[in-house]
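To start, the structure under review is shown below, and the notes come after it.
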Protein chains: 2
Amino acid sequence: MRSSLLLLTLVSVSAHAEEGMWLFNDFPAEQAKKDLGFSPDPQWLDRVRLGSLRLANGCSASIVSPDGLVMTNHHCIRACLEDLSTSERDLLATGYLAPAREKEERCPKFEGNQLVKITDVTELVLTATKGASGADFQKKLKAETSRLESECSQGDAARRCDVVTLFHGAKFHLYEYRRFQDLRVVFAPEFQMAAFGGDPDNFNFPRYGFDVAFLRLYVDGRPAKTPEHLKWAKKSAKEGDVVFTSGHPGGTERGLTLAQYEFLRDVSLPWNLVSLAEQRGRLDEWMKQSPERERVVKSKLRAVENSLKALKGRREALVAPGFLEGKRAAELALQAKAPEATKGAWDAIAKALLVQRTLYVDYVMREGAQAFQSELFMHARRLARARVEAAKPNGERLREYTDAQLPALKQSLLDAAPVHVELEQARLTWSLTKLREVYGADDVFVKKVLAGKSPEDRAAELIAGTRVGDPAFRKERFESTAKIEEADPMIAFAKLIDDDCRAVRKRWEDEVDSVVKKNMELISDAKRAVGVSGPPDATFTLRLSYGRIKGVGTGPAMTTIKGLFERASGKAPYAVTEKWLAQKSKLNGATPYDVATTNDIIGGNSGSPLVDRNGDVVGLVFDGNLQSLGGNFGYEPLGNRTVAVHGDLIITALQKVYGATEVANELRR
Amino acid sequence: MRSSLLLLTLVSVSAHAEEGMWLFNDFPAEQAKKDLGFSPDPQWLDRVRLGSLRLANGCSASIVSPDGLVMTNHHCIRACLEDLSTSERDLLATGYLAPAREKEERCPKFEGNQLVKITDVTELVLTATKGASGADFQKKLKAETSRLESECSQGDAARRCDVVTLFHGAKFHLYEYRRFQDLRVVFAPEFQMAAFGGDPDNFNFPRYGFDVAFLRLYVDGRPAKTPEHLKWAKKSAKEGDVVFTSGHPGGTERGLTLAQYEFLRDVSLPWNLVSLAEQRGRLDEWMKQSPERERVVKSKLRAVENSLKALKGRREALVAPGFLEGKRAAELALQAKAPEATKGAWDAIAKALLVQRTLYVDYVMREGAQAFQSELFMHARRLARARVEAAKPNGERLREYTDAQLPALKQSLLDAAPVHVELEQARLTWSLTKLREVYGADDVFVKKVLAGKSPEDRAAELIAGTRVGDPAFRKERFESTAKIEEADPMIAFAKLIDDDCRAVRKRWEDEVDSVVKKNMELISDAKRAVGVSGPPDATFTLRLSYGRIKGVGTGPAMTTIKGLFERASGKAPYAVTEKWLAQKSKLNGATPYDVATTNDIIGGNSGSPLVDRNGDVVGLVFDGNLQSLGGNFGYEPLGNRTVAVHGDLIITALQKVYGATEVANELRR
């Protein structure tokens, strides 16, 4: 009795220490030393930072050779594989291996960002916005942010500069990235192996995902020189080993006020869950009607299912008995000790959120375009807005149209990627129907959008008539400055509704976002004053977390190739491919497959390298377990696990299953 | 300024008075007199009660001629119309008019209940359960309930007796019904007209639904004699008129504790919303694949959409700023004044709900059969359980297998209704997949259910092999007492998992339901002690509500035939049928169509007659507006409206559009 209690205490203390998605420029060296027995030094941190890569589509990656080779997850490049597929050539089904370096194919719309410099600009931003509030605050914040970003990037498309808001508005850092806009695919396994176990195994461990892919960075049409890459570890990772993840957690909500948690619980999470659940049902049934439909929608469905499961887990963590009571108690304790000048902050945020409750559906449907789910519409909106925004001073534009964001805008507009008309028609019809459902047929905006037609007919007329699916047309319209009457129906549509969309965005920025940012700064002051510390909530910027390879309770820390073949029932989603079956006898069943670790990560960390104490690669993060889904709100030490592909499996599979010896050699050069 | 404030106050006071779904044996005559200027006397109440009919499938109706003619909603008999349809004869599409009385066709599985007597049995039940708790309480409650019901029905299938739990367990009334099990369809319009406006117009007003249907009660193969029917009003209802609804509100949750509301908010509402949203997406896409699929699933989709919209509105009312704070304040105030003996009740319920949180998903998936969505499975479960339960003493059986429930059980088992194999296959596959999703592929129960197969294959093998779709086979198996090895795969499956399903039901009954019932009795005592009064929450038993014909704010109280044709765009769901178009010029555009009233109703009231101060029929309730969706938790006087078909429209349409002159004449005889 006594000893098991002791064990629990130890586990709890040591594991809790692993909470934290740390800033590279504020890594807790002393704490790490206490927890791990050593701590990365500044050189280590610089090396791992420069060996890390952000994929602008929402993933992480690492640079793993001096010739620009990039390792990430298969699920991070699914969109690329789809864009490179046709009805005759299904790269999701077959996988991909470039026959030679010069045959590597470019991924449309892919951008990679390597973080080269971090500057604290908090003082500048706070000075610029001092004394302002509401629309005025928002305007000054936007102007200063745009100025800092432009000054940093100096119009160089190869340099990306972002002012990052930390602690929800208490701090601002300027991140300077080397920007890559030419990424080509080197290797990808079959979707079936990458996503083995499908939705039922998603967010579970034990696990058998081979969720691996390799890209290559190109500059001026040639493989990029990347001397600052990560090295492949000489020693395999074992249970109990210390491991780090260096990646880009997309967002956490650990430092919110009680009112913000209630907003999530009452408004945004339910809305998104219901919306995703319906999408899931539709996509799944829709795609069953033809192999071509399945080809174009399979990975989108998978993404929807992934979000659905993630948000379900998140909601459950939020409403678990005791969770919000704990947050409430902590908030009351903080308020009791907070400096006088900060005391009104919580109420101010709560009031802004009452406004957000009334704006939320309008925002996501209009400005968030949930009512217009169509790639063609998004192109049209970009074209329509780009024209309007270009005429404004840089500091007054919508953020995504400022000078510093121009390369990203151009890439999403001008890159060639196929548009699937049948899917466009289906999605736009669904979402216009949803618009009518939400507001009713008599609503003024609904009438404007539908123009007296049924959702299906309206979608058909917009899609049939538009040319925005053609990259050359987009280029011409984007570059033209002629003042012509807009004849393209989708662009005309985007213009027709743009004021409605902008209006709700403006209200949100002025009445909600600016209030929250200002008051979060006060709360941050209060926390500092009473000695509450820790890293900021995640913001899809580079973070380092440390942990160990470890199962949950007495569960395994690793799976093996043998386990994969035992689990394979032959039926989707538990079928292994011919390639694997053919090599089964030649593979060592004891080879580690996936591993569980105690690192603190979240969505966006997909594709992060798992590195050892030397900063060398020992695996590839691709998921968390079910217990990690509450990680949005806090790290739960006993059950929260990161799930990664073991480094040994990557080498073995490349060599023995896929005949990708050159890739394997490049990794271990 | 002053006068508008005054107006608001008046509206608010007079409207609030309309809150209440009153028991017929506890009607607030004095309050009604104050509000309406008159009050129904006991004879009036008896007459209207006996003219009201409950449809066991969850709807209300009225008896409107001495020959058993019954008026209800089209959406209440959609299942019947589907059961009577084939791929060659689609009654939802064409509508139905029996060519002669002897040609009226029987609705499978339809049961009508006419409430003939109410007896307060609270003392008997409380005496029988006194001092008991948990499983013991549940056992004694079940034994006493079964005894009372059996004693009342005396094995007569034409008499239905239910012990009704009121105030969540504080009171028990014995309801004695005349039971009709032979209901035949007389008239139904086209689905398109009944559900005009479809999902977008659902729960809206102004409205143009002709949601009307007529059935006839039969006894021994002949039209029932029903001298106690309601009469058609001589005078049309006008704006401002006092109107009553007499029907069966399915359930409200106005008298819950804060912990119960939190359970709804955190657990059951989100679960059901997400589940319905996915079903909606699946059904809608599934049915688009063939006209036959659309025929068999269209009304099920409509029901799912209706529930989805209703629960969304309900959830929004629950999380509206201030709502739960108000409930909390009221609860604290009550607790402060509550007698000492009742003080522990709230905590006891809160604790039981912590248990319910852990049981909820198991309960709905297993015992609630959300994991086994199949008519064939439900038949198989009834057959498997009937055999086991019949061997037990009446008081120890599962409630639906007690002697008093036997006629209903028999009807649902033995009535002929077609089973659509393709739909069965789709739904069972979906729900088995959901089971695997919820528990994971490694779960013991999932493994037992799937038996190593994919959800699709498992569904196919159960459906292909079973004979339970054949009513003759069900009859034979139900009546047989031979102890044979079960060869039918669906029955064998139902038996295989039955212990798992029963186990969670037993835990719910013993650890949750019995605790809630007992403590609700204490809270009811506390309310009485401090003078809180009002009708009990709705329980799908007969209630009377009063109100007036009235729009929201300055909105209209009625629509007209003219408005219908103006709204008709020709595209679903806004298309009128050929029959209506053909008669357009002959119809008086000024004829009232639908009306809005301030009556307090909720789901289950569909099909309720709208009667005037004489107790005569002036309309037919079929919906509420969006503001009524929060009616589950309380009546909102300014916006909550009942939506009904105006009596004049019913007569006009029968006569001039459908050539159903005999039905119209029978109504006004």
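One table, with the values for the structure above:
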quantity	calculated
Residue check, A:ALA341 open to solvent by less than 20 Å² (accessible area, probe 1.4 Å), closer than 28 Å to A:SER514 by Cβ and at pLDDT below 95	no
Unique match (being closer than 30 Å to A:THR94 by Cβ, among the hydroxyl-bearing types (Ser, Thr, Tyr) and in contact with a helix residue (DSSP H, G or I) (Cβ under 7 Å, 6 or more places away or on another chain)) among A:SER60, A:SER65	A:SER65
Strands (runs of 3 or more DSSP E) fully within the range B:559-669 counting 1 or more residues that are free of Cβ contacts under 8 Å to residues at least 12 places away in the same chain, on the phi < 0 side of the Ramachandran plot and in contact with a Gly (Cβ under 7 Å, 6 or more places away or on another chain)	none
Identity of the residue in the range A:198-234, acidic (Asp, Glu) and outside any helix (DSSP H, G or I), that ends up farthest from the other protein chains (Cβ to nearest Cβ)	A:ASP220
Wholly within the range A:61-136, helices (runs of 4 or more DSSP H) carrying at least 2 residues that are of a type in the set (D, E, K, R) and surrounded by 15 or more Cβ atoms within 10 Å (Cβ to Cβ)	A:78-83
Failed item, numbered, when B:ASP241 is tested on (1) at pLDDT 95 or above; (2) within 14 Å of chain A (Cβ to nearest Cβ); (3) farther than 27 Å from B:PRO108 by Cβ	(2)
Filter result for the condition that a residue is farther than 20 Å from B:HIS168 by Cβ, more than 14 Å from chain A (Cβ to nearest Cβ) and modelled with pLDDT of 95 or more, over B:ARG387, B:ARG282, B:ARG366	B:ARG366
Residue within the range B:450-457 that is under 22 Å from B:VAL364 (Cβ atoms) and assigned to a helix (DSSP H, G or I) present	yes
Pairs where the first residue, in the range A:201-218, is under 15 Å from A:THR94 (Cα atoms) and the second is buried (at least 24 other Cβ atoms within 10 Å of the Cβ) and charged (D, E, K, R), C-beta under 9 Å, 6+ apart	A:PHE210/A:ASP594; A:ASP211/A:ASP594; A:ASP211/A:ASP623
Residue match in the range A:174-188 (condition: under 19 Å from A:VAL657 (Cα atoms) and open to solvent by 10 Å² or more (accessible area, probe 1.4 Å))	no
Residues located in the range A:247-279, provided they are facing another protein chain (nearest Cβ under 8 Å) and of a type outside the set (A, V, I, L, M, F, W, C)	A:ARG265, A:ASP266, A:PRO270, A:SER275, A:GLU278, A:GLN279
Yes/no for A:GLU461 being more than 28 Å from the chain's Cα centre (by Cα) and either among the aromatic types (Phe, Trp, Tyr) or at pLDDT below 95 (or both)	no
Answer residue from the range B:481-505, given it is closer than 19 Å to B:LEU376 by Cβ and modelled with pLDDT under 90 and is surrounded by the most Cβ atoms within 10 Å (Cβ to Cβ) among those	B:GLU486
Verdict on B:ARG399 being in contact with a helix residue (DSSP H, G or I) (Cβ under 9 Å, 6 or more places away or on another chain), of a type in the set (Lys, Arg) and open to solvent by 40 Å² or more (accessible area, probe 1.4 Å)	yes
Enumeration of residues in the range B:441-467 that are crowded, with 19+ Cβ neighbours inside 10 Å and away from chain A (no Cβ under 14 Å)	B:LEU462, B:ILE463, B:THR466
Any hit, the range B:194-217, residues being in contact with a helix residue (DSSP H, G or I) (Cβ under 7 Å, 6 or more places away or on another chain) and of a type in the set (Ser, Thr, Tyr)	yes
Residue tally, condition in a loop (DSSP other than H, G, I, E, B) and touching a Ser or Thr at 6+ places or on another chain (Cβ under 8 Å), over the range A:541-556	2
Qualifying residue in the range B:424-431 (condition: away from chain A (no Cβ under 14 Å) and touching a residue at least 24 places away in the same chain (Cβ under 8 Å))	yes
Number of the condition not met by A:ALA538 [criteria: (1) surrounded by fewer than 22 Cβ atoms within 10 Å (Cβ to Cβ); (2) small (Gly, Ala, Ser); (3) in a loop (DSSP other than H, G, I, E, B)]	(1)
Residue count, the range A:458-497 (criterion: of a type in the set (D, E, K, R), touching a Leu at 6+ places or on another chain (Cβ under 9 Å) and assigned to a helix (DSSP H, G or I))	4
Residue within the range B:391-405 that is β-branched (Val, Ile, Thr) and in a helix (DSSP H, G or I) present	no
Any chance B:LYS550 is basic (Lys, Arg), at pLDDT 95 or above and either closer than 21 Å to B:ALA369 by Cβ or open to solvent by less than 50 Å² (accessible area, probe 1.4 Å) (or both)	no
Residue check for B:ARG543: under 30 Å from B:TYR175 (Cβ atoms), in contact with a helix residue (DSSP H, G or I) (Cβ under 9 Å, 6 or more places away or on another chain) and buried (at least 22 other Cβ atoms within 10 Å of the Cβ)	yes
Search result, residues across the range A:294-321 that are open to solvent by 40 Å² or more (accessible area, probe 1.4 Å), within 11 Å of another protein chain (Cβ to nearest Cβ) and charged (D, E, K, R)	A:LYS312, A:GLU316
Every residue from the range A:589-609 that is touching a Ser or Thr at 6+ places or on another chain (Cβ under 8 Å), more than 21 Å from A:LEU230 (Cα to Cα) and open to solvent by 10 Å² or more (accessible area, probe 1.4 Å)	A:GLY589, A:ALA590, A:THR591, A:PRO592, A:ILE602
Residues of the range B:153-173 that turn out to be open to solvent by 20 Å² or more (accessible area, probe 1.4 Å), of a type in the set (A, V, I, L, M, F, W, C) and over 17 Å from B:TYR218 (Cα atoms), as a count	1
Check on B:ALA79, within 20 Å of B:GLN192 (Cβ to Cβ) and more than 17 Å from the chain's Cα centre (by Cα)	no
Residues located in the range B:132-157, provided they are under 12 Å from B:GLN405 (Cα atoms) and either touching a His at 6+ places or on another chain (Cβ under 9 Å) or without any contact (Cβ under 8 Å) to a residue 40 or more places away in the chain (or both)	B:GLN154, B:ASP156
Residue count, the range B:406-418 (criterion: under 30 Å from B:ASP457 (Cβ atoms), open to solvent by less than 40 Å² (accessible area, probe 1.4 Å) and assigned to a loop (DSSP other than H, G, I, E, B))	1
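The values are calculated or read from the model by the stated rules, or taken from the named source; none is laboratory data. Just so it is clear, the model here is predicted, and its values are computed rather than measured. Every residue, glycine among them, receives a Cβ derived from its backbone with ideal geometry; neighbour counts consider all protein chains shown. Surface areas here come from the heavy atoms of the whole protein model, side chains and all, with no ligands, DNA or RNA. Shrake-Rupley method; radii C 1.70, N 1.55, O 1.52, S 1.80 Å.
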